[in-house]
1. Can you report the number of residues in segment 655-677 which are loosely packed, with under 13 Cβ neighbours inside 10 Å, without any contact (Cβ under 8 Å) to a residue 60 or more places away in the chain and in a helix (DSSP H, G or I)?
2. Could you look through segment 568-607, keep only residues that are within 19 Å of D548 (Cα to Cα) and among the charged types (D, E, K, R), and pick out the one that is nearest to the chain's Cα centre (by Cα)?
3. Go through A516, A536 for me and flag whichever is in contact (Cβ under 8 Å) with a residue 12 or more places away in the chain and more than 42 Å from the chain's Cα centre (by Cα).
4. For segment 284-307: of the residues being touching a Leu at 6+ places or on another chain (Cβ under 9 Å) and at pLDDT 90 or above, which is farthest from R366 (Cα to Cα)?
5. Restricting to segment 227-236, name every residue that is surrounded by fewer than 18 Cβ atoms within 10 Å (Cβ to Cβ) and either at pLDDT 90 or above or under 16 Å from G301 (Cα atoms) (or both).
6. Out of curiosity, is V464 part of a helix (DSSP H, G or I), closer than 26 Å to G541 by Cβ and at pLDDT 60 or above?
7. Taking the condition of being small (G, A, S) and either touching a residue at least 12 places away in the same chain (Cβ under 8 Å) or in contact with a Ser or Thr (Cβ under 6 Å, 6 or more places away or on another chain) (or both), how many residues in segment 683-699 meet it?
8. Among the residues in segment 435-443, are any modelled with pLDDT of 70 or more, of a type in the set (K, R), assigned by TED's automatic domain parsing to the domain that holds I542 and surrounded by 13 or more Cβ atoms within 10 Å (Cβ to Cβ)?
Amino acid sequence: MDWLSRHRSLVVAAICAVCSGIIIAVHFFPSFPFVSAIWRQEQSYEDFLQREGRKTATHPDFVFLGIDQSTLELPPLLPEEIATNRAYQLMTERAFPWSREVWALLLDRLFGAGARLVMFDLLFNPPNEGDPILRQALERYRDRVVVGANIDVVNANQIVLPNAVVIPPPALADDRVGFVNFWPNSLDGKVRAIRFTTSERQLAGQRPFPGEEIFESFSSRALGKLGYAANVPRDQRLHPFRFSESNAYSPRPLYEVFDPKFWYANYGDGAFFKDKIIVVGWSAQIQPDVVVTPMELDTPGPAMHLQAIAAAIDHEFLQNTSKAANLLLVGFAGVLAWAFIALVRRPLVSFLALLAVSVAYLAFARIAYDRVGLLVVVVPVLIAFLGSGFLSLGFEYVLERIEKMRTRRTLERYVSKNLVKEILENPDSFYSSLRGVRLPATILFSDIVGFTSLTENADPEALVKQLNEYLSRMTAAVFAHNGTLDKFIGDAVMAVWGNVSSRGATEDAKSCARAALTMRRELQTLNARWKAQGIAPFAIGIGINHGDVLGGNIGSQEKADPTVIGDAVNLASRLEGLTRTYGVDILVGASATELIRDEFHLRSVALVQVKGKNRPVEIFTLIGAKADSGNEEFLERLQTYEAGSRKFRERAFTDAKVLFSQFLEFVPDDALARMYLERSLEYEARPPDETWNAVEVFKKK
């Protein structure tokens, strides 16, 4: 261990080298278990960028006419509507596929409205009625129409073309025909890239050569007819592109185009389609044509073509950093992590630097993606950087912990464990507090009700055992909620939040309230077990107050303890004593109440003026945390009690009597409400003098 301490920098360098080396090595062994997933997760990060980063702009002139369920089934049509509409006659004569005259009628309707381009993401392959009519329409609009072909990669790359009546052979050489295929990733089946051109050799897994026949894609043909032929990559490679929003091109029901009502109402008598680029294809679930993409929603195939065309028009192609650059970045990440840990030698600064550089690198990757479409490798680099850094920090931490444990074991022989922890972890603040300082703190006093009488008849050994078990649970509740056990006063416990360490006045008060509720629950558990064993249960009172106190190392020259003193401490002790008077187990002062009321349910108790105080304070009892469920009905009824309490303080004793009585019908054993009911009856019969202000004055402690 001493050797490791002397050669820390060398050990840190070895850790960083091993981390980066492993990540670089597994790049060449993608099937290596577990660790190789680091590189695969890079794809997930790139998908995240696609979803959250900049999108290709949505083109408002792109329209998707979908063959959806409503188009296949058609809404109820009147006989005269069918008789006067040739398209509806053909669509109702038989189920899909309809006569291809329907598509000819669609072309006439759309181009008559001024459409710029119509694309059919459909395979007009088997012969069908209306083929000659469709052929005439396709000839008529030759420069403004594209139809689909399909490369059947499952069956030896067989190409499915429109039949010879619709498109005369050779169909793939016709500038109206393009393949509609998308090539998904072999690992997860997602489409992230588009291939605009291909060839038989490329489909067979061979390298293309100059002069071979090139097949153009559906989107490539469309781009050519739109005047963007120069934007089409001709290298037969898959080109990653930036997606538009998932719902950028939502389908419109095809049948509406033939319905005069919709044609007028939804499409402005056809004006909507002027200069539009329209794709026609499937959007019905009965004939799914969807593409799995990195976006949150799967994209219909026809809409995917529009996404690819939009990306090509806007030059929104993506590019990955090279493999060599990726490996160099991973190696540099390890070197940078070593520099932060070995040279800085301040763990917190090093940790913050690791986080800051990681955030900066993520920001750089996002900017590169958004601005220039560059996919900078992120996951392997950050894992190498953070893995090297955190493992090195862990090594430094272990060494420091070992050294601290040696010191702790020595100190704990003479000082309590709580103070040792604070001395070791926050020595500057602790030593300054020992000199004496005024600070805000929350104080808790708890005491066993009637413990003195219990000691008179109980077996001493059994009682001490029971008391130790009780105090252990109460102390654990204080420690569990970051409190400091100030002292035991016989069977009483004094705990403080905010003197030795503080999380802010509000959080200190809330932690104290949580500790009090935990003490209540722990005592209930203990009492249930003691009762089953025939042991007399305990009842406790808890007082909580918040205020400014004087903290310091207080005592004599022979013995002194860190503690707090002051008026706020005295009031907490008085509140603990008043729990007997009001029949509740927890009383909270007004200042503490204001800090915790947003998280806890509280119940008003009284306005009191305790011994040593010149002004009255309002006190409350703690019901429970608002996050806990199960007491909704009681809380609803409690509104009646609170209304009665307000009436009581306003001297409306008759109204208060009625409200307290209503509350007691629901909670007949409630001592506090019964006490106020009795006082209301008393004051109703004999009203107090005009100086009465509902304040109870206590002359004794």
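1. Here is the first cut: in segment 655-677, the residues loosely packed, with under 13 Cβ neighbours inside 10 Å are 665, 668-669, 671.
With without any contact (Cβ under 8 Å) to a residue 60 or more places away in the chain added as a condition, the list becomes 665, 668-669.
This time we only want the ones that are in a helix (DSSP H, G or I), so: 665.
Selection size over segment 655-677: 1.
2. E594
3. None of the others qualify; the one that does is A536.
4. P302
5. Let us first name the residues in segment 227-236 that are surrounded by fewer than 18 Cβ atoms within 10 Å (Cβ to Cβ), namely 227-230, 233-235.
G227, Y228, A229, A230, P233, listed by residue number.
6. Numbers: part of a helix (DSSP H, G or I): yes; closer than 26 Å to G541 by Cβ: yes; at pLDDT 60 or above: yes.
Spelling it out, V464 is indeed part of a helix (DSSP H, G or I), closer than 26 Å to G541 by Cβ and at pLDDT 60 or above.
7. First pass over segment 683-699, keeping only residues small (G, A, S): 685, 694.
Add one more test, that the residue is either touching a residue at least 12 places away in the same chain (Cβ under 8 Å) or in contact with a Ser or Thr (Cβ under 6 Å, 6 or more places away or on another chain) (or both), and what stays is 694.
Going through segment 683-699 one residue at a time, the tally reaches 1.
8. To start, the set of residues in segment 435-443 that are modelled with pLDDT of 70 or more comprises 436-443.
Next, from what is left, pick out any that are of a type in the set (K, R): 438.
Adding the requirement that they be assigned by TED's automatic domain parsing to the domain that holds I542 leaves 438.
Subsequent filtering for residues that are surrounded by 13 or more Cβ atoms within 10 Å (Cβ to Cβ) retains none.
No, the conditions are met nowhere in segment 435-443.
The values are calculated or read from the model by the stated rules, or taken from the named source; none is laboratory data. If you're wondering where the values come from, they're calculated on a predicted model, not measured in any experiment. Please note: Cβ atoms are built from the backbone with ideal geometry, for glycine as well, and neighbour counts cover all protein chains shown.
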